[in-house]
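The values are calculated or read from the model by the stated rules, or taken from the named source; none is laboratory data. Keep in mind it's a predicted model, so treat the numbers as computed, not measured. With ideal geometry, Cβ positions are generated from the backbone for all residues, glycine too; neighbour counts draw on all protein chains shown.
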Amino acid sequence: MEPGAETAACAPARYVTVPDAPSSPAAAAAATAAATAADPATSGFGAVARVAPGALAASYADLCAAAWPGPEQLPVVYHPNYNISFFGIEKLHPFDAGKFAKVVKTLNRDGVLRSDTQLVTPREATPELLADVHTADYLHRIHNHNFTVVQVTELAPLAMLPNKLLQWRVVAPMRMHVGGTMLAMGLALERGWAVNVGGGMHHASADRGMGWCPFDDIVLGVRRARRAVATAEAAAAAGAGAAAPEGAGAAAAAGAATPAGQADAAAGAPAAAAQVGGTAAAAAAFATTAAVGAAAAGGGLKVLVIDLDAHQGNGVGRDKLALGDGQLYILDMYNGGIFPRDDEAKAAIDIKVELKSGTEDDVYLNRLRAALERAALVLPRPDLVVYNAGTDVLAGDPLGRLGVSAAGVVERDELVWRWCRDVARAPIAMLLSGGYARDSAAVIAASLANLFAKFDLNPGAAAAAPAAPSSGA
């Protein structure tokens, strides 16, 4: 990416016209082939990790149900409670609320996973964590009033259930998805990649939920990741400052503690340290406060959300605008003729690709290639990519209304992962998001199997990826 493009790309409400095809398909193919042939030791996802293994363990201890995962575990996050069931009422909505278990079962059956013990188990995001983005009024309503849950899930019969039952069978699982997304982002920063077998609730914003999305797990996860990295870097700075000669400690600590984009805090650290005694420890303490505070205010990591769900990710866009987050970038490719048609939220999209109903593989994949090529040219190099990989783009999906085949979804996901590794050189956290066709879970499993095989994500497990199932197109 062009380093000089960073300043211009920070402005909100920038629209980028994306051509129908990449400018040079042959050059793109050659670059991909060259990257694929590179030494795996230097070109794998581990090479794009942002922090050392274990550096974020303390910051995510409240969201990890067991000890911080070691190398024998994969950065794949899942909890059985992701799956929602309440007396069959959930089947009145086209969303398959049990697809997450189906995906994991298929991955185990096909040998993509060696066992469930390779998975990482999250904890629910607490109301206190949700308050980092959501308003107190909305959190009160979603946790106490059935009507709000009915609005979010679009299932009127839920209004008749006792609220405690509704919280247990619907809202608590949704909070588990949020915890999983947050945890997956932290793991991606350490490992270079991660998958939350769930999440991607991109329609929710600070004061409302909609479209089966009660909480904005994406922006919540981004803000948590920024604080976690700032804390880890500040801790490293404190250690470096304590070990350095006293005269050099302030500058060393300030520099080491500063995440991307925090140059101002770094510049102020030496002077602040001098005012409190000029010691390395004082500089480290100042750096810790400055880095964590700046991260909470929206600085720190530059994050790119690649949203390929069939629907516009309006909740993420609204929260980006409301928070004034100049370090959050959005590439959103969606069917422009369906829900939610949120013109106000479109102002947050940096690269907008609106598709027509019925769009099939060739056009879909060409427009995606062109959008990624454009992102590499006009957006800053991201520190983290959050990939919202909805399968409601499948032909026959009753809500997405696009015409992408199962094989097209597999190719799409591989294209995004390869771009992150070889072009953006950024960690990727993948979320499953929407998908309402009957074969959605099978297509997701086939795509993950392909990713595991192509990028050797689980050495020693199944060597070959199964063919993608037919989507009925």
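Below, the figures for the structure above:
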{"item": "Filtered residue count, the range 442-461, keeping only those that are in contact with a Phe, Trp or Tyr (Cβ under 8 Å, 6 or more places away or on another chain) and closer than 19 Å to residue 105 by Cβ", "result": "4"}
{"item": "Enumeration of residues in the range 147-176 that are surrounded by 14 or more Cβ atoms within 10 Å (Cβ to Cβ) and not in a helix (DSSP H, G or I)", "result": "154, 155, 161"}
{"item": "Residue in the range 193-210 that is in contact with a Leu (Cβ under 6 Å, 6 or more places away or on another chain) and of a type outside the set (Gly, Ala, Ser) present", "result": "yes"}
{"item": "Residue tally, condition in contact with a Phe, Trp or Tyr (Cβ under 6 Å, 6 or more places away or on another chain), surrounded by fewer than 24 Cβ atoms within 10 Å (Cβ to Cβ) and either small (Gly, Ala, Ser) or part of a helix (DSSP H, G or I) (or both), over the range 177-218", "result": "1"}
{"item": "Among residues of the range 136-185, those that are among the small types (Gly, Ala, Ser) and either in contact with a Cys (Cβ under 7 Å, 6 or more places away or on another chain) or under 23 Å from residue 431 (Cα atoms) (or both), counted", "result": "4"}
{"item": "Residue ID - nearest to residue 51 (Cα to Cα), chosen from residues in the range 377-430 that are of a type in the set (A, V, I, L, M) and part of a loop (DSSP other than H, G, I, E, B)", "result": "426"}
{"item": "Neighbours by Cβ (under 8 Å, 6+ apart or cross-chain): first from the range 316-344, among the small types (Gly, Ala, Ser); second in a helix (DSSP H, G or I)", "result": "317/345; 317/346"}
{"item": "Selection within the range 295-353 - farther than 21 Å from residue 189 by Cβ, β-branched (Val, Ile, Thr) and not in a strand (DSSP E or B)", "result": "338, 349"}
{"item": "For residue 459: the one exception among (1) assigned by TED's automatic domain parsing to the domain that holds residue 110; (2) over 17 Å from the mean Cα position of the chain (by Cα)", "result": "(1)"}
{"item": "Checklist (1) surrounded by fewer than 20 Cβ atoms within 10 Å (Cβ to Cβ); (2) over 17 Å from residue 192 (Cβ atoms) applied to residue 375, failing item", "result": "(1)"}
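Okay, residues lined up against (1) surrounded by fewer than 19 Cβ atoms within 10 Å (Cβ to Cβ); (2) closer than 27 Å to residue 225 by Cα; (3) out of contact with any Asp or Glu (no Cβ under 7 Å at 6 or more places or on another chain); (4) in contact (Cβ under 8 Å) with a residue 24 or more places away in the chain:
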position	(1), (2), (3), (4)
405	no, no, no, yes
419	no, yes, yes, yes
422	yes, yes, yes, yes
429	no, yes, yes, yes
432	no, yes, yes, yes
437	no, no, no, yes
442	no, no, yes, yes
452	no, yes, yes, yes
